[in-house]
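Everything below concerns the one structure shown next.
Every read-out reported here was derived from the displayed coordinates using simple, explicitly stated rules and does not represent laboratory data. It should be emphasised that the depicted structure is a prediction, and the values quoted were computed from it without experimental measurement. Cβ placement follows ideal geometry from the backbone for every residue including glycine, while neighbour counts extend to all protein chains displayed.
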Amino acid sequence: MSTEPDAGSAGAVQPGFGEPLLEVSNLKKYFGNSEGFLGPITFDRDGAVPRPTVEREWVRAVDGVEFDIKRGETLGLVGESGCGKSTLARTLLKLVEPTDGEVQFKGVDLADAGGEQLRRMRKDMQIIFQDPQSSLDPRMKVGPIIEEPMKAHDLPESDPSVSARADVRNDTEYAVDVTVDDDVDVAVDATDGVAVADVEVVETEEGVTATAESDLLGATVEEAGDRVQVTVSMSASKGAVRRARVRELLGKVGLDPQHYNRYPHQFSGGQRQRINLARALSVNPDFIVCDEPTSALDASIQAQVLNTMNELQDEFGLTYLFISHDLSVIRYIADRVAVMYLGEIVELADKEELFENPKHPYTDALLSAIPAPDPRATEARAPLEGDVPSPIDPPSGCRFRTRCPELIAPPEYDFSEAEWDAVRAFTRAVDRRAPAIDAAEADEERGAGTLRRELRMTYFEDVDVGGEAGEVVDEAIAAVVDGDPETADALLQEAFAERSICAREDPNYVLEPELGGSVHKADCHLHRGDAD
Amino acid sequence: MSGETPHDRRDVDGRADVEIDAEDDGGLEAEEVEARVGLSYTLVQLRRDPTALAGLAIISVSTAVAIVASIDALLLDYWLTQTFWYHPELGPHADTNLPPYGVSNQYYDASRSTLAHPLGTDFRGRDVAVRLFYGTRIAITVGFTSTVIGLVGGTLTGAVAGYYGGWIDDVLMRGAEILYAIPFLILVIVIVSVLDPQRQNALLVAMVGVGIASMPTFARLIRSRVFSVREEEYVEAAKAAGVKDRWIILRHVIPNSFAPVLVQATLQIGLAILIIAGLSFLGFGAQPPQASWGQMLNKARPLLIPNPWFSIFPGLCILFTVVGFNLLGDGLRDAADPRIQN
Amino acid sequence: MSTHETILEVEDLKTQFFTEEGVVRAVDGIDFDVRRGEIVGLVGESGAGKSVAVQSILRLVEEPGAIVGGEIRYKDDLLFGLKASADDPQERTEREEMLSRTEMRTQIRGREIAIIFQDPMESLNPVYTVGSQIEEFIALNREVPGDQAREIAMDTLRDVGIPEVESRYDDYPHQFSGGMRQRVLIAMALACEPDLIVADEPTTALDVTVEAQILNLVDDLQARYDTSLVWVTHDMGVVAEICDRVNVMYLGEIVEQAPADDLFHDTKHPYTSKLLASLPRPDRTVGELDSIGGVMPEAINPPSGCRFHSRCPEAREVCAEVHPDERPSAEAGSHHTVACFRDDAFDVGYWDSPPIETEASGGFAASLTAEEGESG
């Protein structure tokens, strides 16, 4: 990662790899519950007459996200559907307006960049979407699709910092003087800030002629005594240069340049993702957000596309933010990985560190949930219970606490591990109105005593929770049997769940990585002792 | 176009293409028409639909007639009709109220009828067939022009409202709904009365009026499509690539929302012809001595019993033309809707 | 498990779609069976024909598609079968003992064989409550009165882990999360206590943690009711997790059939092994993925000989000329069948045949120049 390949026209000295390209701090995106000017009005139906109230509910899709992406790396962003990862991608690129927070791209805060400036900055940051069906306009041919971003930015343009010179192969006895127009770097790739045009000078019956190797350049000859003066300049229009570049890009992403005139529907899903790649690459961006680019593809095609993306990253020095719900894909493509849950990044570390030494119980749960393609890998797994809570009213403290198998016991009670496990399981069961709780309410034929005993057998078989906690549990069981699980739920939440440190404090810890990388961020109170 | 039989399939295709061009919103290049993969597919489907083909045949005939009449009126200074017929406004006023050839009733006997006036003459002795001939020109022009006005205005308004959403949508669409809330004919009459109280350019103003009044229909139609198209990833991709909104709307959003609008436009042409005929009948459209169908109907009103042909022939013209456009519109709708395909 | 009786037998099943472009041979002569209490996987990429195969079992193939050959037997019933017509030996007609459409609807679907689809939202009618839909389904298929159906519905919903059944019973499908909706569909499938459940990519639309919940649930329920399952999926991980036996499909054919463990650890067909090698692993870091070159050809005009030969790195001339049928592998034994000439069960001179250039040898760039359309 020390050399910096640059195949495009941009030959400016870029900051080295490893420098942050994108810095995100405290980024938030809330969505209102409805659009339009009558949207916020809701009707309260409790009374006899519905009372209109003006109130907006906010869906906290992204809620205080912080990370940076270094030049040349791939940051993997993984999370389940609805965790806000796609919204994060769109907010990063300011395709949706962030509610709060800062995104610094190449040192410029995108929040301050408005209108035309932002539009120009989009040249350097591109996005590839998930759906190969809908990401290409069905009514446009492939060529114009790939050209569109270039057209929008009036590319190609000459880079003023690139100087031009010519390499002349002289087959005549004349001495050759050569002048090269400054803008030939549009047609030939620059290396180390110099664009070199190859020119051949030959003598024929009609006289001395010069030809540039690139079709896009023209060379004119003026004879003056025993010297000839060769002038190299752009002969092709911008449109022609763009078309040439599209054909070159099609080849680079593994398609046939002859496909220029085809429509998207004539391609398979994998090929369409390649077209998307070519479109993103056309403006020579630094940064590409890949929003689940391979999830709609078959396994064998996914492998092809992932490999191509890796090759292109090396060739063009690209930086990726690679979003996926698939941890296997992330493990293959990413250098560092961020795990997202309910609008927050809960863990962020180097790939090996995160996969081999996960510190957040959610990451753990995700990892154990993926079925490995090997029937002998039969780890007993304890899948997470319940559903992701609503992002409108997320849990206090750690957002994962309502499903976390490692929820920390409140310090008020002196629980043994078994006791706390039982209490936690019971609390969750009541909260979710699990089938056993449901059954205890539903059945009214048997006496309350039997039901109480049965419930106790189900949840507290081997443990005897005593003291203050025991009283709460007794009360809750009684309430459940009375057919009032709301009261039981409130009791248990108040006495146990809400008193845990997980509910009271927002976790935010940086740990010492064990397997590489510089930082291991794991927002879980289990590590409150180990953090720096 | 006029020389070929409308049942020729090549002709059918040719006609359809011309129509897309004619109704294009003007902002798109020629290659764009070619790029409408979905549309050309729709047109192929259309070839299998006999009712739509019948509609196309009727429209082809009336459009051909309208074009010939326009050439005659504008370029040849009525040379055609004067040579082969005679000028409608300069007709021999003596031969008034001739019945159609070979027709008689209790007021007129067939002996007066002549092949020179196959459909008879009116109360001023003008040839009814020639008046219908020029009436076709007015009807077709009026239908197409007002629809194009409504189509362009409505499409742009609806696309902008749908694309941006929020308060822009609120303002534009509430405005459209206000127009929508007024009965169509009354709205057009109001527009005509306000814009042209002297009735100097009554027909032109009526066309514009019908166009404006039909804009909300198009706007609402395209807006609902735009709502789904703007969520398509290629629109987002264009935005992310830094493409300007104007370009995105013209290049991506409108072409991909256009199919239902095209169907509506076809139906709207028929409706516009009917409305303008109605306006002319009420005295708000074509003014005498212009030969419009509605105008002819109006003049025929007091003579309904003795001279029924005064009203029957323009009535039939209106009927056939409007039915033609409706048949084509229905066919287009079926062809564009994959659920109806078998 | 092998001692159990066979409840479903599919023999030489052929299903074709008659389109304007030509005849699409979506399923082209597949054989497989399902025994009692067994989970049989049907795995393949999109376009392999696996969904059409299970639709054929239930005779749910719609115009312009039709089952054109083969035999499907469920227990003692003939779900599909043809015989040569009396007057014209070329013409084949349905056999008398084959179940009629009505019998399929009233006796088989739902009652004996239930189906679970990929998208739970599309399988539930959004304008009726979840409870009423299950209730109606039970009342129809089990011929029980309304209140009893309601009771059964509630019990099954509890069985599949739906919380608060009493209050959620009258909720609408959109008020359930994706995982809960899939649970509802499983409840519906179970409600009539069928002996066979056909699950068509039931966890594909779900998140991994929810998928894990559902897989656990299915495992659990399957053990409890001794139901057999045909599990259609493209996900090798799910196959490894849940299936007892696996059929690998490629372009309308089954190319390999083996117990799950053998399939992964004693792979016989190059397609299966390439497919496994192309998967990124959650449990270890791999340097570069070994992808299969090219894309699956269209079923309208499949390659000659072995259908995989155009993308196979092991292809030789004979592969393009002769079509391999599925045979028990010579090395692995009768329970492991494979359709590849590299196995000694075949004697067509593969090893003497010269290797040929394929998309696999030419890399992906070469393959992508070939004209092909949608493979979905």
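Could I have the simple spin-label model distance between C:Tyr172 and A:Ser518, label points 7 Å from Cα toward Cβ, reported in nm to one decimal?
Between C:Tyr172 and A:Ser518, the simple spin-label model gives 5.3 nm.
I need to check one value: relative contact order of chain C, counting alpha carbon pairs closer than 8 Å and at least 6 residues apart, in percent. Could you put the intermediate results ahead of the total?
Details: 715 pairs, mean separation 65.3, N = 376.
Here the relative contact order equals 17 percent.
May I ask for the angle, rounded to the nearest 10°, between helix C:178-191 and the longest principal axis of chain C, with both axes built from Cα atoms and the value confined to 0 to 90°?
Roughly 80 degrees, rounded to the nearest 10.
Kindly write out, for the stretch C:196-205 in residue order, the coupling ³J(HN,Hα) from the Karplus curve 6.51 cos²θ - 1.76 cosθ + 1.60 (θ = phi - 60°), rounded to whole Hz, with x marking Gly and Pro.
With the stated coefficients, the stretch C:196-205 comes to 9, 10, 9, 10, 9, 6, x, 10, 5, 7 Hz.
For a quick check: with amide H placed at 1.01 Å from N, whose amide H comes under 5 Å from A:Phe322's, ignoring anything fewer than 5 positions away on the same chain?
So A:Phe322 has HN proximity to A:Leu75, A:Gly76, A:Leu77, A:Cys290.
Using 0.36 nm per residue of separation minus the Cα-Cα distance, give me the extension gain between A:Asp68 and A:Thr204 in nm, one decimal.
Numbers: separation 136, 0.36 × 136 = 48.96 nm, distance 6.03 nm.
Separation in residues times 0.36 nm, less the Cα-Cα distance, equals 42.9 nm.
Counting only pairs 8 or more residues apart or on different chains, how many lysine pairs in chain C have their Cα atoms under 28 Å apart?
10
Going 7 Å from the Cα of A:Arg376 in the Cα-to-Cβ direction, what parts of the stretch C:248-264 have a backbone nitrogen less than 19 Å from that spot?
Flagged as within label range: C:258-264.
For an R0 of 35 angstrom, estimate the FRET efficiency from the Cβ-Cβ distance between B:Asp109 and B:Leu319 and round to the nearest 0.05. Before the final figure, lay out the partial values.
Numbers: r = 28 Å, r/R0 = 0.81.
Here the calculated transfer efficiency is 0.80.
A:His520's amide H: which non-local residues (gap 5+, or another chain) put their own amide H closer than 5 Å, with H modeled 1.01 Å from N in plane and none for Pro or chain starts?
A:Leu511
Past the 25 Å Cα-Cα mark, which pairs from A:Lys70/A:Lys141; A:Lys29/A:Lys252; A:Lys151/A:Lys252; A:Lys252/B:Lys244; A:Lys94/A:Lys252?
A:Lys70/A:Lys141; A:Lys29/A:Lys252; A:Lys252/B:Lys244; A:Lys94/A:Lys252
Rounded to the nearest 20 Debye, what is the dipole magnitude of the protein assembly as shown about its Cα centre when Lys and Arg each give +1 and Asp and Glu each give -1 at the C-beta? If you can, show how the numbers build up before the last one.
Working: 110 positive and 211 negative charges, 1320 e Å.
Here the size comes out at about 6340 debye.
Taking Cα atoms, how many degrees apart are the long axis of helix C:208-225 and the longest axis of chain C, rounded to 10 and kept between 0 and 90?
70 degrees
Can you figure out the FRET efficiency of C:Thr204 with C:Leu60, using R₀ = 30 Å and their beta-carbon distance, to the nearest 0.05?
On the way: r = 19 Å, r/R0 = 0.63.
The pair C:Thr204/C:Leu60 has a calculated efficiency of 0.95.
Any aspartates and glutamates with Cα under 14 Å of the A:Lys359 Cα? List them, leaving off those in the same chain fewer than 8 positions away.
Straight-line reach from A:Lys359, under 14 Å: A:Glu347, A:Asp350, A:Glu406, A:Glu512, A:Glu514, A:Asp523, A:Asp530.
According to the Kirkwood expression over distinct Cα-Cα pairs, how big is the hydrodynamic radius of the protein assembly as shown, in Å? Please list the in-between numbers first.
Details: mean 1/r = 0.0276 Å⁻¹.
When all Cα pairs of the protein assembly as shown are included, the Kirkwood radius is 36.2 Å.
Give me, ordered by chain and number, the residues 5 or more places off C:Ile7 or on other chains with an amide H under 5 Å from its own placed amide H.
It is C:Val34, C:Arg35, C:Arg36, by chain and number.
Mean residue ellipticity at 222 nm from the helices of the protein assembly as shown, using -39,500 (n - 2.57) per DSSP H segment of n ≥ 4 over the full residue count, to the nearest 500 deg cm²/dmol?
On the way: 41 runs with 497 residues, N = 1250.
Per the formula, -12500 deg cm²/dmol.
Could you calculate the FRET efficiency of A:Asn310 with A:Glu157 from 1/(1 + (r/R0)^6), where r is the beta carbon distance between them and R0 is 22 Å, rounded to 0.05? Numbers along the way, then the final one.
Numbers: r = 29 Å, r/R0 = 1.33.
So, using R0 = 22 Å, E works out to roughly 0.15.
Express as a percent, rounded to the nearest 5, the fraction of DSSP beta bridges in the protein assembly as shown (both residues included) that run antiparallel. Please list the in-between numbers first.
On the way: 84 of 136 bridges.
Antiparallel bridges: around 60 percent, rounded to the nearest 5.
Would you mind classifying the stretch A:314-407 by shape? Square roots of the alpha carbon gyration tensor eigenvalues, ordered a ≥ b ≥ c; an a/c under 1.5 is rounded, otherwise it is prolate if a/b is larger than b/c and oblate if not.
oblate
How far apart, in nm, are two points set 7 Å out from the Cα along the Cα-to-Cβ line at A:Glu385 and at A:Leu118?
It works out to 4.5 nm between the two label points.
How many percent of DSSP beta bridges within the stretch A:53-199 run antiparallel, rounded to 5? Working shown, then result.
On the way: 4 of 10 bridges.
About 40 percent, rounded to the nearest 5.
Once the Cα atoms of helix C:146-159 and of chain C are each reduced to a long axis, what angle between those two axes, in degrees from 0 to 90 to the nearest 10, is obtained?
Tilt of helix C:146-159: around 50 degrees.
Between C:Thr6 and C:Ser132, what is the label-to-label distance in nm when each label sits 7 Å out along the Cα-to-Cβ direction?
4.5 nm
Karplus couplings for the stretch C:105-118 from phi (6.51 cos²θ - 1.76 cosθ + 1.60, θ = phi - 60°), rounded to Hz, Gly and Pro as x?
With the stated coefficients, the stretch C:105-118 comes to 6, 8, 9, 9, 5, x, 6, 9, 10, 9, 10, 10, 9, 5 Hz.
Using Cα pairs under 8 angstrom and six or more residues apart, how large is the relative contact order of the stretch A:320-428, in percent? Numbers along the way, then the final one.
Details: 75 pairs, mean separation 19.8, N = 109.
This gives 18 percent for the stretch A:320-428.
Restricting things to alpha carbons, tell me how big the stretch A:163-237 is in terms of Rg and Dmax, in Å.
Looking at the stretch A:163-237, its Cα Rg and Dmax stand at 12.1, 39 Å.
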